[in-house]
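Following: one structure in structure tokens, then a few remarks.
No value in this document is a laboratory result; all are computed from the given coordinates. Everything quoted here is computed from the prediction, not taken from an experiment. So basically every Cβ, Gly included, is an ideal-geometry build from the backbone, and we count neighbours across all protein chains shown.
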Amino acid sequence: MTNLAVSYNKITTTARPVLKWAGGKTQLLPQLNELLPPKLKVNAIKTYIEPFVGGAAMFFNLYKNYDFQNVYLFDTNQELVILYNVIKNDVRLLIKELANISNEYFALSEQDRDEYYYLRRDEYNAFDKNFDVNKYSKDFIRRAALTIFINRTCFNGLYRVNSKNKFNVPVGKYKNPRILDEENLLSVSEALQIAEIKHCDFSETLKYADKDTFIYYDPPYRPISKTSAFNSYSVNDFDDDEQIRLKNIFDLCGQKGALQMESNSDPTNYIEDLFFDNLYIKYKIHRVSATRIINSNAEKRGSIRELVITNY
Ligand SMILES: C[S@@+](CC[C@H](N)C(=O)[O-])C[C@H]1O[C@@H](n2cnc3c(N)ncnc32)[C@H](O)[C@@H]1O
């Protein structure tokens, strides 16, 4: 086992998201960084919580610059939680598994690669979904490797499941997809050493929030028009009742003294819909500019405003 041991050196970290993930925050980081709480900037925050972790762009961004004693990353997507725990616990074995997949893939003709994708997708969909993801198992290594392989080779890096929770995104068109990025996996593994990564609902945040905590919420966005229902990350949609339930957690964590930031879509881009302005009337609402897919045609991108809500 000794040759699989990893030594970590935070100074050199360049960790960045492992997956393409809908709503990824990488492009917005410069604007979000401007809005971080001053208490964080003087390194007086001990605990960081990201209850909708997705691709974890904000966590990697903060990890580089600040020292936390505790980090909690949550998501209801099982595959994400499995992946991050494998990167944390077994990154060398994951790299080995991905190297095998990558070698098999690139040895094939282009046509056979498409077939290989569908075979791996079938394998992926055959994994058990009804078990406690929070109980770590070595069996997760293959599953995590397939999450990366499929994310890198499927259409637009989408994550979409059907009503039976089966992943159904078709193969993408890439000449040379980067299936294994060893250096980044090692950096991500280093960053995750301080994190507890849990499969749970965002309301779990309440358990850990206190006056030395910073929380960044990036929930599935409320669709900004009737045709842009881009918030189907899992079988359960995040509807307005969920947005209201989230606002209640935001209130309660704030009462415990936590500093909080939330991203969301801005319904006023197109219509006079003050849903969030009214819901978060007690808080500061900033508007930032983002480049997003703006309708169901994935090719059509545009600049739109997004909300950043803070309680400080
Ligand atoms: C907008 S994405 C987060 C994007 C992320 N900030 C990034 O940079 O990639 C929202 C995430 O919330 C997760 N999610 C949906 N409902 C949830 C819930 N009730 N509790 C926790 N996570 C949830 C989804 O699986 C998805 O990964």
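Computed quantities for the displayed model
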{"read-out": "Packing-based exposure ordering (other Cβ within 10 Å, fewest first) of Cys200, Cys253", "value": "Cys200, Cys253"}
{"read-out": "The chain: relative contact order in percent, alpha carbon pairs under 8 Å with at least 6 residues between", "value": "21"}
{"read-out": "Share, in percent, of DSSP beta bridges within the chain that are antiparallel, nearest 5", "value": "50"}
{"read-out": "Extension gain from Lys256 to Ser203, taking 0.36 nm per residue of separation minus the Cα-Cα distance", "value": "17.7 nm"}
{"read-out": "Asp181-Tyr66 FRET efficiency (beta carbon distance; Förster radius 22 Å; 0.05 resolution)", "value": "0.35"}
{"read-out": "Two-site label geometry, Gln31 and Asn100: point separation in nm, points 7 Å out along Cα→Cβ", "value": "4.4"}
{"read-out": "Segments 185-197, 127-139, 109-121 sorted - mean Cβ within 10 Å per residue, highest first", "value": "185-197, 109-121, 127-139"}
{"read-out": "Per-residue [θ]222 nm for the chain (sum of -39500 (n - 2.57) over DSSP H runs n ≥ 4, rounded to 500)", "value": "-10500 deg cm²/dmol"}
{"read-out": "Under 18 Å from Lys282, Cα to Cα: lysines that are on another chain or at least 8 residues apart", "value": "Lys247, Lys256"}
{"read-out": "Distance from segment 45-86 to segment 134-192 (C-alpha centre basis), Å", "value": "17"}
{"read-out": "Segment 77-194: relative contact order as a whole-number percent, Cα under 8 Å and 6+ apart", "value": "38"}
{"read-out": "Spin-label model distance (nm) - Thr291 vs Thr310, 7 Å beyond Cα toward Cβ", "value": "2.5"}
{"read-out": "Which of Ser289, Ser102 has the fewest Cβ neighbours within 10 Å, and the rest in rising order", "value": "Ser289, Ser102"}
